[in-house]
Amino acid sequence: MSQDNNKPVSGDFTKTAGWLDWYTGPSKPRFQVPAGAVDAHCHVFGPGAAFPYAPERKYTPCDASREQLFALRDHLGFDRNVVVQATCHGADNRALLDALANSNGRARGVATVRRSISDTELQAMHDAGVRGVRFNFVKRLVDFTPKDELLEIASRIAKWGWHVVIYFEAVDLPELWDFFTALPTTVVVDHMGRPDTSKPVDGPEFELFLKFMRQHPNVWSKVSCPERLSVTGPKALNGEQNAYTDVSPFARRVVEEFPDRVLWGTDWPHPNLKDHMPDDGLLVDFIPHIATTAERQQQLLVSNPLRLYWPEEQKG
Ligand SMILES: O=C(O)c1cc(C(=O)O)oc(=O)c1
């Protein structure tokens, strides 16, 4: 990747104090992803000068443009992206839609919408490549949205065949269970529902998450974000090939039990990390530790995301 057009800048905005910029010059992964692999969780931020950050945002990032995202895609060997609306853009999906429009069909999206959105706008988003909406329950990221509003949105988007992406912390799953299980669409959980990886993988908290997936065949999970969930490290930095070993058992467990309902994404540009910024090349080297056979890797990186985001390409 060229370092020149790859420098994080902050545009017209002042970044949140202590903000860590994404890593320039990521290494080439040793793990070669299969042909047609999809990075199924990544974001674009602005650029703020073209696509201003939302007034209601809880953080102000450095810019992370679509060009920079697509350069990373190519560098890591991925074929496509699923761009997920970041909370710093609220329900203003312009940066996301701009990325989809300029991806040559190689990106699809997950948007954030409010109940006031019209069917015409939803149709336009569908035509642009949006295939889901994101509901966020992480309190440091968003203000509360009433559940009846979210349910109304979920039932409206179902007719386009879209799904709902949910982001929550493991401790909040019991309270959110009834709402999640009432959703009428496919439901995709971000980052395995953020398990506390200092707790045992076979303990009650993660068992509840597995039960959620086991009892509800419409629930999928992204086995992403080891850099967020790791307590012990080591970190994906300085050539480390065995990063985030404490997270691997959690992710591997989900991949092994639900191989046809898992997705993987870089989470680039890694908003709100406080401790370190991973080398995305080394993050890709995490994949064979959690999807341990070629068949599992093919499902995780190719066939599952295609089924959800490019279903028209599925044969038969
Ligand atoms: O944990 C986070 O801070 C985080 C934030 C966002 C977002 O702001 O959209 O997205 C993510 O996937 C993760």
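The values are calculated or read from the model by the stated rules, or taken from the named source; none is laboratory data. As the structure is a prediction and not an experimental result, all values here were calculated from the model. Note that we place each Cβ from the backbone using ideal geometry, even for glycine, and neighbour counts take in every protein chain shown. Keep in mind that these areas ignore ligands, DNA and RNA; they rest on the heavy atoms of the full protein, side chains included. Shrake-Rupley method; radii C 1.70, N 1.55, O 1.52, S 1.80 Å.
Structure notes:
- Relative contact order for the range 80-123, counting Cα pairs under 8 Å that sit 6 or more residues apart, in percent: 46 percent
- Sequence-distant residues sharing a close amide H with ALA40 (under 5 Å, placed H): VAL82, TRP264, GLY265, THR266
- Contact order relative to length of the chain, as percent, for alpha carbon pairs under 8 angstrom and 6 or more apart: 21 percent
- When DSSP beta bridges are restricted to pairs lying wholly in the chain, around 5% turn out antiparallel.
- Dividing the helix sum by the residues of the chain, where each DSSP H run of 4 or more adds -39500 (n - 2.57), gives a mean residue ellipticity at 222 nm of -8000 deg cm²/dmol.
- Per-pair calculated FRET efficiency, R0 = 30 Å: GLU152 and LYS58 via Cβ, rounded to 0.05: 0.80
- Comparing PRO195, PRO217, PRO288 in a Gaussian network model of the chain, where Cα atoms under 10 Å apart are tied by springs, the biggest mean-square fluctuation is seen for PRO217.
- For the range 1-134: rounded, prolate or oblate by the Cα gyration tensor [a/c cutoff 1.5]: oblate
- Residues of the range 132-175 with an amide N closer than 18 Å to a point placed 7 Å from the Cα of ASP119 along the Cα-to-Cβ direction: 152-162.
- The range 38-310 - charge dipole about Cα centre, Lys and Arg +1 at Cβ, Asp and Glu -1, debye rounded to 20: 400 debye
- Three-way shape call for the range 38-310 based on the alpha-carbon gyration tensor, with the a/c threshold at 1.5: rounded
- Site pair ARG94 and THR245 shows an inter-label distance of 4.8 nm when each label is modelled 7 Å from Cα along Cα→Cβ.
- With the highest mean first, a sort of the peptides 144-150, 204-210 on other beta-carbon atoms found within 10 angstrom per residue produces 204-210, 144-150.
- Per residue convex hull volume, Cα atoms of the range 218-316, in Å³: 112 Å³
- Computed lengthening from GLU257 to ASP74, 0.36 nm per intervening residue step minus Cα-Cα distance: 62.8 nm
- Positive-end ranking of VAL284, GLY132, PHE144 along the dipole of the chain, with charges on Cβ about the Cα centre, is headed by GLY132.
- In this calculation the C-beta distance from THR145 to THR293 is compared with R0 = 35 Å, giving a FRET efficiency of 0.30.
- Fraction of accessible area attributable to carbon and sulfur, the range 38-310 (%, probe 1.4 Å): 51 percent
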